[in-house]
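In what follows, a structure is listed as structure tokens, so that the remarks can point back to it.
The values are calculated or read from the model by the stated rules, or taken from the named source; none is laboratory data. Keep in mind that this is a model prediction, so the values were computed, not measured. Using ideal geometry, Cβ is built from the backbone for each residue, glycine included, and neighbour counts are taken over all protein chains shown. The area values use the complete protein model at the heavy-atom level, side chains included, leaving out ligands, DNA and RNA. Shrake-Rupley method; radii C 1.70, N 1.55, O 1.52, S 1.80 Å.
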Amino acid sequence: WAVLGMCGLAIGGTIAFYRYFELCKSKTLRVTLTTIRVAIWCLLLVTLAAPLVYSSATVMQLPLVYLVVDDSESMSIADARSADDAVATRTDQLRGIFNEPGGGLVRRIENEANCRVEVFKLASDKPTSLARIDRDAIDKSLAGDGDTTPLLAALAALPKQARFERVAAAVVFSDFNDTSMGATRDALNSTMPTIGIPTYTVGLGATSLT
């Protein structure tokens, strides 16, 4: 407001000067000189007031949901059930979940929960034990040939992976056989409450051993 007020005074003063005190008889010349001087005054005032002028903008981002999938060798075990109740590998069961009718699981989550979705797979060769995969090519990214299942390491690394993003939740798809750290159920229970991100699990494979 202060800058606008000073610009108004400059404009009014310049117009008054050229109207009442300038001896030039050409009206066109007086208008031209008035316009030029007003522009110079306004530019000068805005330049001098630059440290006081600022603008702000708020960018609204949708919350983010991480989908974490297991791609270890144990996912190649054929003890799961497909959609038609046939025996299938755990990887095939996972593919069936993501390729559900209606555009797939990823788009359904985004549409129904009004969020963004990113997909990762467990990867022991990555610093965070997580490797981002193409959400539109999940089938091709799942081979069931990972050396280990770094489940606990990946869960512990979630806050680091999400430190610059608004992560609302993580959903883990796995047979939950952590083979990278000799993890126990007690270790998993002690880790889960500390990561600060609501984490949900989807179990794959047989529900019981016979």
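For this structure, a couple of remarks:
- With respect to the conditions (1) assigned to a helix (DSSP H, G or I); (2) modelled with pLDDT of 65 or more; (3) open to solvent by 40 Å² or more (accessible area, probe 1.4 Å); (4) hydrophobic (A, V, I, L, M, F, W, C), Ala16 falls short on a single one, namely (3).
- For region 97-110, the criterion of being in a loop (DSSP other than H, G, I, E, B), at pLDDT 75 or above, open to solvent by less than 20 Å² (accessible area, probe 1.4 Å) and in contact with a strand residue (DSSP E or B) (Cβ under 9 Å, 6 or more places away or on another chain) is satisfied by no residue at all.
- Within region 135-146, not a single residue is at pLDDT below 75 and acidic (Asp, Glu).
- Ala169 modelled with pLDDT of 85 or more and either in contact with a strand residue (DSSP E or B) (Cβ under 6 Å, 6 or more places away or on another chain) or part of a loop (DSSP other than H, G, I, E, B) (or both): yes
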